[in-house]
1. Could you please let me know if Val152 is touching a residue at least 40 places away in the same chain (Cβ under 8 Å), among the β-branched types (Val, Ile, Thr) and surrounded by 22 or more Cβ atoms within 10 Å (Cβ to Cβ)?
2. Can you tell me which of Ala267, Ala274 is at pLDDT 95 or above, in a helix (DSSP H, G or I) and closer than 12 Å to Gln44 by Cβ?
3. Out of the residues in segment 183-212 that are open to solvent by less than 30 Å² (accessible area, probe 1.4 Å) and touching a Ser or Thr at 6+ places or on another chain (Cβ under 9 Å), state the one that is farthest from ligand 4 (Cβ to nearest atom).
4. How many residues, within segment 105-143, are in contact with a Phe, Trp or Tyr (Cβ under 9 Å, 6 or more places away or on another chain) and buried (at least 21 other Cβ atoms within 10 Å of the Cβ)?
5. Please pick out the residue among Leu139, Leu125 that is touching a residue at least 24 places away in the same chain (Cβ under 8 Å) and not aromatic (Phe, Trp, Tyr).
6. Has segment 218-232 got at least one residue that is open to solvent by less than 20 Å² (accessible area, probe 1.4 Å), within 16 Å of ligand 2 (Cβ to nearest atom) and among the hydroxyl-bearing types (Ser, Thr, Tyr)?
7. Against the definition (exposed (fewer than 15 other Cβ atoms within 10 Å of the Cβ) and over 24 Å from Arg129 (Cβ atoms)), how does Gly69 come out, yes or no?
8. Here is a check on your reading of the model: is Ser260 polar (S, T, N, Q) and away from ligand 2 (no atom under 16 Å from the Cβ)?
Amino acid sequence: AKERGRGRVELFDEALRAQLSAHAEMETALAAGLAGGEFEVHYQPVLDLNSGRLDGFEALVRWNRPGVGLVPPNDFIPVAESSKLICDLDRWVLHEATRQVAEWRAADPAAAGLTVAVNVSGRHLADPRVVRDVTEALLASGLPPELLIVEVTETVLVNEPAAYGHLVALRELGVAVAIDDFGTGYTSIGQLSGMPVDTLKIDRSFISSGTSGHAELVALVISAAHTFGLTVIAEGVEEESQLQWLREQRCDFAQGYLLSRPLPAAAAGDAWRAALAP
Ligand code: C2E
Ligand code: CA
Ligand code: CA
Ligand code: CA
């Protein structure tokens, strides 16, 4: 039995070692990929439900890893988040997305009001550099601050005391703040109303079909958010009936596969030209 026990420990050891080296390997590859231009930004349209028009896009990063193909963020963001690398990655996305939208605006007056939402990880938001990073991206691109939305998760506000001050500073620049995946944490709307926050993004899990039990909750969130002067985005809208219902509830914005999947920059350009054509 002793023998078998030791065997197990060795197996466990081996599995752990393999995991650690896979992690380290990916970290190295991520850093090299960032330096080598292997990342790209895709853009998912956000619909303004009041006007029925395109409001703008959420920027979502992808890794075009040589020999592998397009890697989705859930496969590498957690690794990047375990080191300072996430700050470099977020900074790159900030620069690329603001540059792209500024380019679209310059090309056509119809695009003048397009917004862009960028995801900022908790680690980056807690880093004092985040304010400088956003400022530099705005200056470099020439994008008006009012067109930039920074998306952060509610846990960040609770767990990272420094984050709060950085959000205050970002809003002083004119940038809007959205709470991503709202509903998955323990924050209440009342708590958020006193915080440097403009928008709630209701998590996909509350919108998706088969969760009709959430309808009353979502309706409540929308009306409470409005009472506190916050706007609401519903994410993960996949069905026409959901969109119709969200309109009836006076939800402000919608995003999801029903409207469009995230698109490579060129296709997103075609999408806004088609949507905003006079
Ligand atoms: P998120 O910020 O909640 O982004 C929404 C995710 O839901 C995106 O996945 C999007 O493609 C997907 N989605 C949109 N509409 C639908 C729908 O109707 N149905 C379904 N099933 N999914 C939908 P994606 O692009 O794979 O991104 C995953 C997560 O990775 C993001 O979740 C975000 O947390 C993170 N992420 C993406 N880009 C960045 C980035 O530049 N920086 C950081 N820090 N995180 C990022
Ligand atoms: Ca997001
Ligand atoms: Ca989200
Ligand atoms: Ca998410």
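1. Working: touching a residue at least 40 places away in the same chain (Cβ under 8 Å): no; among the β-branched types (Val, Ile, Thr): yes; surrounded by 22 or more Cβ atoms within 10 Å (Cβ to Cβ): yes.
No.
2. Numbers: Ala274 fails: closer than 12 Å to Gln44 by Cβ.
Unique residue meeting the criteria: Ala267.
3. Checking each candidate, the answer is Ile189.
4. The total comes to 3.
5. On the way: Leu139 fails: touching a residue at least 24 places away in the same chain (Cβ under 8 Å).
Every option except Leu125 fails the conditions.
6. No, every residue in segment 218-232 fails to be open to solvent by less than 20 Å² (accessible area, probe 1.4 Å), within 16 Å of ligand 2 (Cβ to nearest atom) and among the hydroxyl-bearing types (Ser, Thr, Tyr).
7. Working: exposed (fewer than 15 other Cβ atoms within 10 Å of the Cβ): yes; over 24 Å from Arg129 (Cβ atoms): yes.
Spelling it out, Gly69 is indeed exposed (fewer than 15 other Cβ atoms within 10 Å of the Cβ) and over 24 Å from Arg129 (Cβ atoms).
8. On the way: polar (S, T, N, Q): yes; away from ligand 2 (no atom under 16 Å from the Cβ): no.
No: the conditions fail for Ser260.
The values are calculated or read from the model by the stated rules, or taken from the named source; none is laboratory data. The structure presented is a predicted model; accordingly, all values stated were derived computationally and were not measured. With ideal geometry, Cβ positions are generated from the backbone for all residues, glycine too; neighbour counts draw on all protein chains shown. Keep in mind that these areas ignore ligands, DNA and RNA; they rest on the heavy atoms of the full protein, side chains included. Shrake-Rupley method; radii C 1.70, N 1.55, O 1.52, S 1.80 Å.
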